[in-house]
1. With the structure loaded, tell me whether Leu155 is in contact with a helix residue (DSSP H, G or I) (Cβ under 6 Å, 6 or more places away or on another chain) and either farther than 27 Å from Asn261 by Cβ or buried (at least 16 other Cβ atoms within 10 Å of the Cβ) (or both) or whether it fails that test.
2. Does Asp137 meet the test of being outside the structural domain of Met66 (by TED's automatic domain parsing), touching a Pro at 6+ places or on another chain (Cβ under 9 Å) and either of a type in the set (Asp, Glu) or without any contact (Cβ under 8 Å) to a residue 12 or more places away in the chain (or both)?
3. Among the residues of region 142-194, count how many are of a type in the set (Lys, Arg) and farther than 19 Å from Asp255 by Cβ.
4. Would you be able to say whether some residue in region 221-231 is touching a residue at least 60 places away in the same chain (Cβ under 8 Å), under 15 Å from Val248 (Cα atoms), outside the structural domain of Ala44 (by TED's automatic domain parsing) and crowded, with 16+ Cβ neighbours inside 10 Å?
5. Out of curiosity, is Leu194 touching a residue at least 60 places away in the same chain (Cβ under 8 Å), surrounded by 19 or more Cβ atoms within 10 Å (Cβ to Cβ) and within 19 Å of the chain's Cα centre (by Cα)?
6. Go through (1) closer than 30 Å to Gly260 by Cβ; (2) surrounded by fewer than 20 Cβ atoms within 10 Å (Cβ to Cβ); (3) touching a residue at least 40 places away in the same chain (Cβ under 8 Å) for Pro129 and report which single condition fails.
7. Of the conditions (1) more than 30 Å from Met253 (Cβ to Cβ); (2) touching a Ser or Thr at 6+ places or on another chain (Cβ under 8 Å), Ala103 satisfies every one except a single condition; which number is it?
Amino acid sequence: MTRIAYVNGKYLPHDQAAVHIDDRGYQFGDGIYEVVTVINGKLADQEWHLDRMEYSLGQLGIAMPMTRAALKIVINTIIRMNKITHGLVYFQITRGVMPRDHAFNLLLKPQLVMTAKPLKRLESPEINPVKVITVPDQRWQRRDIKTIQLLPNCLAKTKAAEAGAYEALMVDGDGMITEGSSSNAWIVTHDGELITRPTSYDILSGITRRAIIALAEKRNLKIVERAFTVDEAKKAAEVFVTSATSIVTPVCMVDDQKIGNGDAGPVATALRQSYFSNINETAAE
């Protein structure tokens with residue numbers, strides 16, 4: 001089946017979708033994006049994703065390309081046209097098109113592009129634990145904005161792939177883990193505390209992170225939002241990462257240090273299963 005993309009009001013075959021060469025997203029990475037997971041045909045945490053989209057646009061001074069209600073129609077249409085049951089919807093909004101100049105025109109028309117694709121790893125809550133590595137965090141200081149400027153993230157993710165790892169955990173100048181190249185990082189201490197870095201300019205406020213905190217609270221888990229070191233992660237009872245595509249993915253090894261007995265931990269496993277169950281229950285309502 002031919003994939004269908006949305007580009008500024010038009011639904012096109014994916015291989016014919018294109019943006020102008022002077023689009024500021026292409027020229028400068030001047031834009032934002034969101035990724036929304038589809039599980040059993042149900043959009044996961046859609047309202048929270050749209051809230052964050054509006055926040056990111058506001059921080060960069062980019063206008064909404066259409067109303068929120070209209071955007072939901074486009075999202076649902078893209079899912080339907082691509083026949084997605086388990087997968088993801090990706091959309092990005094750039095500042096607009098103008099002759100290349102660092103200074104931008106405040107009246108530019110925002111550009112919207114949207115795609116969707118199936119993802120088999122979202123079909124089941126069962127998942128094997130993964131290896132991660134640590135790398136220096138080389139990003140800019142406004143990581144709370146979900147900008148398409150992702151070169152440091154791409155370099156980190158590629159280094160992980162070259163090492164046979166699933167993810168790269170980025171480490172700040174104080175030796176503290178900030179987050180993964182495309183995920184939020186968590187540890188479970190031997191005392192049963194669930195630790196994740198607090199939201200600030202230092203990390204992206206992950207939507208799945210937010211959902212997992214809510215699920216953990218329902219399970220009466222003790223959640224502590226603080227920074228943690230690489231050494232703490234290597235000595236933790238469990239390590240896992242969260243994102244729209246990872247959901248909750250347990251970690252069996254950090255660099256060359258095995259975590260626990262190398263299996264998926266009970267906390268990560270339970271939270272991943274709860275996330276899938278919660279989506280399915282919502283879809284049935």
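1. No.
2. Values: outside the structural domain of Met66 (by TED's automatic domain parsing): yes; touching a Pro at 6+ places or on another chain (Cβ under 9 Å): yes; either of a type in the set (Asp, Glu) or without any contact (Cβ under 8 Å) to a residue 12 or more places away in the chain (or both): yes.
So Asp137 passes the test.
3. Residues in region 142-194 being of a type in the set (Lys, Arg) and farther than 19 Å from Asp255 by Cβ: 3 in total.
4. No: region 221-231 contains no residue that is touching a residue at least 60 places away in the same chain (Cβ under 8 Å), under 15 Å from Val248 (Cα atoms), outside the structural domain of Ala44 (by TED's automatic domain parsing) and crowded, with 16+ Cβ neighbours inside 10 Å.
5. Details: touching a residue at least 60 places away in the same chain (Cβ under 8 Å): yes; surrounded by 19 or more Cβ atoms within 10 Å (Cβ to Cβ): yes; within 19 Å of the chain's Cα centre (by Cα): no.
Against the criterion (touching a residue at least 60 places away in the same chain (Cβ under 8 Å), surrounded by 19 or more Cβ atoms within 10 Å (Cβ to Cβ) and within 19 Å of the chain's Cα centre (by Cα)), Leu194 does not qualify.
6. Here Pro129 meets the rest and fails (2).
7. Just one mismatch for Ala103, condition (2).
Residue-wise test of (1) closer than 27 Å to Gln138 by Cβ; (2) among the polar types (S, T, N, Q).
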| residue | (1), (2) |
| --- | --- |
| Ala211 | no, no |
| Leu215 | no, no |
| Ala236 | yes, no |
| Thr245 | yes, yes |
| Met253 | yes, no |
| Asp256 | yes, no |
| Pro266 | no, no |
| Thr269 | no, yes |
| Tyr275 | no, no |
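The values are calculated or read from the model by the stated rules, or taken from the named source; none is laboratory data. A quick note: this is a predicted structure, and the numbers were derived from the prediction, not measured. Note: ideal-geometry Cβ built from the backbone for every residue, glycine included; neighbour counts use all protein chains shown.
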